[in-house]
Structure formats: C-alpha cells, structure tokens
Amino acid sequence: MAEFRSLVLSPGPAPETEGSLSGIPETGGSLSVGDEPDEVSRTKVPGNVTEFTPEIKFQNRKETYRYLCPSAGQFWCRVTGLVFVMASGGELEYQTTHWDMALLSPTGQLPAGPPFDIRCPQGALTELQLPHCEIDDRRSDFLSVAHVSCGNLEVLSPLEVTQTHVRVSIAGLSLWGLVKSLWDSSILGQVLLFLQPGDGVDLLPKLNVFVLPGNVLLSQVTEQQDCRSSLIKTSSSCKLRPKATYRVSSSSKKTEIIQPESECFYCSYGPNFHPTFEVFLAHGARSLDLVLLKCATKDGEKRVWRRFVQLPVPAVETRTPKTSAPQRITSSEGWAGALNKVIEELEADEYKKLKNILHQKGMPRGVLGDTEKQDLAHRIVSHFGTEVSVHVVKEAMASIPRNDPVIQGITEALCGAAEIEKERKDTL
C-alpha cells in the first residue's frame, strides 16, 4: 500500500503581469521540496484561515491528499490552493481528476480549472473555495462551478467570486470544478520547464516548455514526465490571453533549435499535458536566457515572460556501452543495493542533506535517527516502496546537488528499472 507523506512548502514569489517585467533576468535551478509554486502562493486567503500542508499519497505516480481538520473553521491547502469551510472537525481526502467533456460540452461551459474529487466521510464540509486564475473584472459574470455526481453534471452559481477564489456551498461531494462561459478573458498563467538530458554524443539535451493556466497543479504535469526529466525551478507567473499566439526565443549560443516557431495558447486542463515548445540545447549547455513573446499585438511582439535559466550539471545521461549488457534490477534487495551505492558516494554534509530531504518527503525523524549509510537504503525502500524510492532519491541528488557521472550512472540504471517495473505492472 502506498504511504502518505508530508510536503513542507514555503511562500513563492508574487505573480507578474504582462508588460510589468523588468529587464533584469532571474536565476533558476532545480526545484526541491520546500518550494511553493507561484500560483499556489497567490491563492492564499486573508482573514481567519488555518493554513495546512496535507499528507500526500503516491499511487501509480498519482497524488492523493489527506488532512484531518481538528475543528470547525476555514482551512487553506498550501498544495492545491483549495479552501475548505468545515462545520466541525473531520477528515478530508481529495485529488485532481479530469473533465468528462461529454458531460460538460452540452452546457456550453468551458473548463476554468482542474476538477477535484473530494470526500469527507463525516459530512462536515459545508463550503468549498476553488482557486481561479482570471484577472478580468467581469469574472463574477462568467465563472461558475460544476458539480458532477452519479454521472450527472450541474452548473451552479457561486456565492461569491473574489480576486483569487470562487465560493460555493456544498450540498454533496464527488467532483467539483470551475467552468466559464467566456473564451478570451485574460488569465494569470505559468511557464514550467522540464529538462531531458542528452547523451553527450548524438542525443541533444532538450528543455520542454509548458505554457499553462496558473491554476493547473504542478503535480498534474510532473506525474506525466519520465523519471529522466528534471523540473527546472524558476519563477513561472505571466499574463496570458487564450487564443493569442506566442513564441519562445533565446539569444543563447547554446540553443540549437526551438520548435514550433509559434503556438496558439488554449486553456488546457488535461488529461494530457504536452510541451508547448521544445528547446534543443548544445551539449554542455550550462545556462540560457528564455523569453516568451506574444505575437501580432498592435505594438508588434510583446514580451510576457523572461528568465535567465541555469541548468543542472551535467545535462547528460550516462550511456551504457554497447558491449556490455544493461543492468537489471529485479528485486527489492537489488534495488536497495543499488541505492546503497548512491548513498556510499555521499560526503558527510551531503548525507545530512539527504536525510533532511527524506524527512521533508515523509520519513519520520525516528526512522531516520542516527541511521548509518549501509542501513539507510533498506529503510528508504521499506518506507516508499521500490518504484517511488527511485524517484525520491533521484530528486534528492538533484537538490543536494550530486549530478556527477558516478551518481548519474547508478540513478539512470535505477530509473530504467523503475520504468520496466511500471510497464510490467500496467500489463497485469
């Protein structure tokens, strides 16, 4: 059974709007636990609201959130931006899901946020506040709430639309999500970057650029990336207009190809999240400047987002020599042994950082304690399970950081084994 873990988040930077960017680029790195996405930070609710970080359960790379409200009150989730109004204490369990367009299309409404499957066994939830990313002053006229239950969808008028949330009374649980009747209202968006390493010879490193509405959860995109992709941390907020055309540009000499040349932006809420742009980089690329431009405005092209992006070192995955057989890891013991090789490579301060990261990802201090290196791998596998432990350790190595060829060689072998194991389970 998958384990729940806690994720500790800190406030992110304030969102930016189109045309308000300074000429000073900002630096980035690898996103690690402890960082809060820009748009989630934006959805903080003023007043007497209790902030909480839910427990997170991973199952088939899908996140489910759980929180036990201790009493009546308002509770703001740092991960999703949702606000729950409780009449009494009770347990909340919720996750993102996908829109059934066969139900939504006949209403003439469009998705304006991800739908959430929400459960509260005690029936104590009386009001829900869903985060939106609309910045049009008319938002109270075109935003509504869709409730899906027993195969039926009803569109409800909200109690109130604030600058960040849409309030709705809860008459029953199941699926809840935001919808809107207006196509082209401007929104607060986000730009997410994922780096796929090259091989140092033929395969170029590639930066996948996702241009998305601001209330798409980071976890929804991350869970669809393979384990070799690394999320590049940089401030993401920008102002976007649906059906407008955008393109990505870079003056870096390490940029080989950017495709497509331009793309029309639509507010997509899944189920699949594909890169909006692909930036192919030269081998050895360490950094680049990246600009998102809005095309064909009355003043020509308009810059809506610009960042200086630093890349992990090296942006190369280790190649297995053609003369040697690929490494196979087929048991939890073999998995733990391979993880142990990674841990043995760490210096004392790096080992301490690893244990802190593992605690942030849900391992109790009591389990970690004064654990020696040779014992930690088995505890990681025991706590997270074989597949999740690989992703946890890979992210930890990027955060420490340890991306040298020795560490990469072992973690890439583990990632390959994790993908094989996932495919095997999917066929069962």
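The label-point distance for Lys243 and Asp141, in a model that sets each label 7 Å from Cα toward Cβ, rounds to 1.6 nm.
Compute the signed sum of charges (Lys and Arg +1, Asp and Glu -1) over the other residues within less than 15 Å, Cβ to Cβ, of Val145.
Values: positive: Arg139, Arg167, Lys180; negative: Asp117, Glu127, Glu134, Asp141, Glu154, Glu160.
The answer is -3.
So, counting K/R as plus one and D/E as minus one, what does the shell of residues with Cβ under 12 Å around Gln109 add up to?
Values: positive: Lys180; negative: Glu154.
For residues surrounding Gln109, the net value is 0.
A 1.4 Å probe over all protein chains sorts Lys341, Lys62 by accessible area into Lys341, Lys62, starting with the largest.
So if each residue of separation counts as 0.36 nm, and I subtract the Cα-Cα distance between Glu350 and Glu127, what length gain in nm does that give? Walk me through the numbers on the way to the answer.
Details: separation 223, 0.36 × 223 = 80.28 nm, distance 4.51 nm.
Extra length available between Glu350 and Glu127 comes to 75.8 nm.
Cα centroids of the range 284-315 and the range 58-112: 33 Å apart. Per the Debye formula with a single identical scatterer at each Cα and no solvent contribution, what log10 I(q)/I(0) holds for the range 67-184 at q = 0.11, 0.16, 0.21 Å⁻¹? For the range 67-184, the Cα-only Debye profile gives -0.34, -0.71, -1.19. Each other residue within a Cβ distance under 14 Å of Ser169 adds +1 if Lys or Arg and -1 if Asp or Glu, for a net charge of -2.
For the range 191-262, taking the reciprocal of the average inverse distance between every pair of different Cα atoms yields a Kirkwood hydrodynamic radius of 14.0 Å.
First measure r as the distance between the Cβ atoms of Asn48 and Ser181, then evaluate 1/(1 + (r/R0)^6) with R0 = 35 Å and state the FRET efficiency to the nearest 0.05. Can you show the working numbers first?
Values: r = 33 Å, r/R0 = 0.94.
Efficiency computed from Cβ-Cβ geometry: 0.60.
For the range 177-269, the solvent-accessible area with a 1.4 angstrom probe is 36 square angstrom per residue. Can you classify the range 174-327 as rounded, prolate or oblate using the Cα gyration tensor, where a ≥ b ≥ c are the square roots of its eigenvalues, rounded means a/c under 1.5, and otherwise it's prolate if a/b beats b/c and oblate if not? The shape class here is oblate. A 1.4 Å probe, protein heavy atoms only, puts the accessible area of Thr371 near 10 Å². Taking all protein chains as shown and a probe of 1.4 angstrom, His274 keeps an accessible surface of around 130 Å².
Rank these residues by their accessible area, most exposed first, probe 1.4 Å: Arg167, Arg402.
Working: Arg167 60, Arg402 35 Å².
Result of the area sort, largest leading: Arg167, Arg402.
Between Lys373 and Glu160, the distance separating the two model label sites (each 7 Å from Cα on the Cα→Cβ line) works out to 5.7 nm.
Keeping every protein chain in place, order Ile257, Ile380 by accessible area at 1.4 Å, biggest value first, i.e. largest first.
Values: Ile257 90, Ile380 0 Å².
Descending accessible area places them as Ile257, Ile380.
Protein heavy-atom surface of the range 70-175, 1.4 angstrom probe: 46% of the accessible area is carbon and sulfur, with nucleic acids and ligands not counted. Among the protein heavy atoms, those of Leu217 account for about 10 Å² of accessible surface (1.4 Å probe, every chain in place).
The values are calculated or read from the model by the stated rules, or taken from the named source; none is laboratory data. Quick caveat: nothing in here was measured; it's all calculated off a predicted structure. For neighbour counting, all protein chains shown are included, and Cβ atoms are generated from backbone atoms with ideal geometry for every residue, glycine included. Please note that ligands, DNA and RNA were not included when accessible areas were found on the heavy atoms of the full protein model with its side chains. Shrake-Rupley method; radii C 1.70, N 1.55, O 1.52, S 1.80 Å.
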